[in-house]
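Please read the structure below before turning to the comments.
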Amino acid sequence: QAIDSTGVRTPSQIITINRNGTPGQVTIYEQDQSPVGTPGGTSEPGTVPLTPGTSVGLEPVTLYGFRVRHINFIATTSVVNAASTAVTKNDSSFRVRAGLANPNCVSFESINFANFYLRHRNFQVYIEQRGVTPFDQDATFCPKTGLTGQNTSFESVNFANYYLRVRAKENNFYLDRFDNSAAMRQQMTFGVRPGYAS
């Protein structure tokens, strides 16, 4: 399994994203079209499909063992594991929904605050109650093959080439323009894990 000179894995290892025929349902597949986590797939253990209704956690590839979570309605990151408190587990778990502005993309509803979604506002990410335009656009993200060549990156539906990102030296979560740097490829790529709360 070769890695090219830029550090990106070769196409045989790249994850592609396809609709599985059900409106609004997005599933991650390996290049051989086997669903991840099943025989024939090669993704790391614990990766789950972005199926509407599923509880997921987003693990930055730059911060293994951390999850995106909300604290005081601000999206941030912290260590989350099986030993974490129930509040922390709930804060780091999100229900996948068909994208509010595009059913071929996804939105992330808070597990512990019904009808509150991850959304960007002034390019920082919060959880906020669903409201008027442009809320649906701000809360919709299109999964892409991870910018590192594996896992998943999430592009804003209303800002082309802007992706969810955990900035270096900061815990908070942002929507930033991709500048094609190796560092940003890492900071904009996430493992989609099973949520700790459902």
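Only one of the listed residues (ASN112, ASN122, ASN171) is surrounded by fewer than 18 Cβ atoms within 10 Å (Cβ to Cβ), within 20 Å of ILE74 (Cα to Cα) and touching a strand residue (DSSP E or B) at 6+ places or on another chain (Cβ under 6 Å). That residue is ASN171. Per the conditions (1) in contact with a strand residue (DSSP E or B) (Cβ under 8 Å, 6 or more places away or on another chain); (2) of a type outside the set (Gly, Ala, Ser); (3) over 17 Å from PRO60 (Cα atoms), the sole criterion not satisfied by THR85 is (1). The set of residues in segment 125-141 being open to solvent by 20 Å² or more (accessible area, probe 1.4 Å) and of a type outside the set (Val, Ile, Thr) consists of TYR126, GLU128, GLN129, ARG130, GLY131, PRO134, ASP136, GLN137. Applying a threshold of 6 Å to beta carbon distances and a minimum spacing of six or more residues, or different chains, the list of pairs starting in segment 74-88 at a residue that is on the phi < 0 side of the Ramachandran plot and surrounded by 14 or more Cβ atoms within 10 Å (Cβ to Cβ) and ending at one that is of a type in the set (S, T, N, Q) and modelled with pLDDT of 95 or more reads VAL80/THR88; VAL80/SER92.
Considering every residue within segment 94-108, establish whether at least one is at positive phi, surrounded by fewer than 19 Cβ atoms within 10 Å (Cβ to Cβ) and out of contact with any helix residue (DSSP H, G or I) (no Cβ under 9 Å at 6 or more places or on another chain). Looking for residues that are at positive phi, surrounded by fewer than 19 Cβ atoms within 10 Å (Cβ to Cβ) and out of contact with any helix residue (DSSP H, G or I) (no Cβ under 9 Å at 6 or more places or on another chain), one finds none in segment 94-108, hence no. Note on segment 44-101: enclosed strands (runs of 3 or more DSSP E) holding 3 or more residues that are in contact with an Asp or Glu (Cβ under 8 Å, 6 or more places away or on another chain) are 66-71, 94-98.
Among the residues of segment 149-156, is there at least one that is more than 13 Å from the chain's Cα centre (by Cα), assigned to a strand (DSSP E or B) and over 16 Å from SER55 (Cβ atoms)? The answer is no, given that none of the residues of segment 149-156 is more than 13 Å from the chain's Cα centre (by Cα), assigned to a strand (DSSP E or B) and over 16 Å from SER55 (Cβ atoms). Candidates are the residues of segment 146-160 that are open to solvent by 30 Å² or more (accessible area, probe 1.4 Å) and touching a residue at least 40 places away in the same chain (Cβ under 8 Å); the one that is farthest from PRO134 (Cα to Cα) is GLN150. Based on what the data block shows, is PHE159 assigned to a strand (DSSP E or B) and among the hydrophobic types (A, V, I, L, M, F, W, C)? Spelling it out, it is not the case that PHE159 is assigned to a strand (DSSP E or B) and among the hydrophobic types (A, V, I, L, M, F, W, C). Taken over segment 33-64, residues that are open to solvent by less than 50 Å² (accessible area, probe 1.4 Å), more than 20 Å from ARG95 (Cα to Cα) and at pLDDT 90 or above amount to 2.
The values are calculated or read from the model by the stated rules, or taken from the named source; none is laboratory data. This is a predicted model, so every value here is computed, not measured. Glycine gets a Cβ as well: all are built from the backbone with ideal geometry, and neighbour counts include every protein chain shown. In case anyone asks, the SASA skips ligands and DNA or RNA and just uses the protein heavy atoms, side chains included. Shrake-Rupley method; radii C 1.70, N 1.55, O 1.52, S 1.80 Å.
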